[in-house]
Amino acid sequence: MRLRKRQRLILVLLALLLGGGSAALVLAALGEKVSLFLSPSDLAGRAIEPGKPFRLGGLVAEGSIERRADGEIRFAVTDGAHRIAVAYRGVLPDLFREGQGVVAQGAFDASGLFRANEVLAKHDETYMPREVADALKRTGHWKAEAEGSAASGSAPR
């Protein structure tokens, strides 16, 4: 009887070990695929290696949009405290303009310029991505009159 209990214990421990190992592998694989949102202030104290994809969010800085002859569009994303220069080649959303919330997917190049491969803008007059609103709150640039819509993650223009 004692041998049988010991075998069961070994089997249970082996099953837990295999289950834990499988869960660890799944989480590690997902961790590499998850694209984190970072605000310009979050990036100020971090060194992100060139080519590592992530999401950058904030407001399009006033007076920063520059359309180049080669079709590239350059603009800056800010959270009020810091600015990140962004280069994008493609069609921007219709609602893209200065002072509006955006989230750009891309990576830094070797020169430190954020090269976006996708730019998302707000979809109606009061929407702002929750992550952008939270970043603006952290840096103290959230408008007080926006608190009524903060529960839905939105902010007025």
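Any chance the stretch 13-34 includes a residue that's within 17 Å of residue 116 (Cα to Cα), surrounded by 14 or more Cβ atoms within 10 Å (Cβ to Cβ) and of a type in the set (A, V, I, L, M)? The answer is no; no qualifying residue exists. Within the stretch 55-75, if we keep just the residues that are within 14 Å of residue 101 (Cβ to Cβ) and among the aliphatic types (A, V, I, L, M), the residue that is surrounded by the fewest Cβ atoms within 10 Å (Cβ to Cβ) turns out to be 61. Where strands (runs of 3 or more DSSP E) fall wholly inside the stretch 1-102, the ranges with 3 or more residues that are under 19 Å from the mean Cα position of the chain (by Cα) and modelled with pLDDT of 90 or more are 72-78, 83-89.
Give the residues of the stretch 103-126 that are under 12 Å from residue 60 (Cβ atoms) and either in a loop (DSSP other than H, G, I, E, B) or of a type in the set (D, E, K, R) (or both), sorted by residue number. Listed by number, the list holds a single entry, 122. Within the stretch 75-104, the set of residues being among the hydrophobic types (A, V, I, L, M, F, W, C) and more than 19 Å from residue 41 (Cβ to Cβ) comprises 87, 91, 92, 95, 96. If you take the residues of the stretch 123-132 that are surrounded by 15 or more Cβ atoms within 10 Å (Cβ to Cβ) and either of a type in the set (Val, Ile, Thr) or farther than 15 Å from residue 104 by Cα (or both), which of them is modelled with the highest pLDDT? It comes out as 132.
The values are calculated or read from the model by the stated rules, or taken from the named source; none is laboratory data. Just so it is clear, the model here is predicted, and its values are computed rather than measured. Note that each Cβ is placed from the backbone with ideal geometry, even for glycine, and that neighbours are counted across all protein chains shown.
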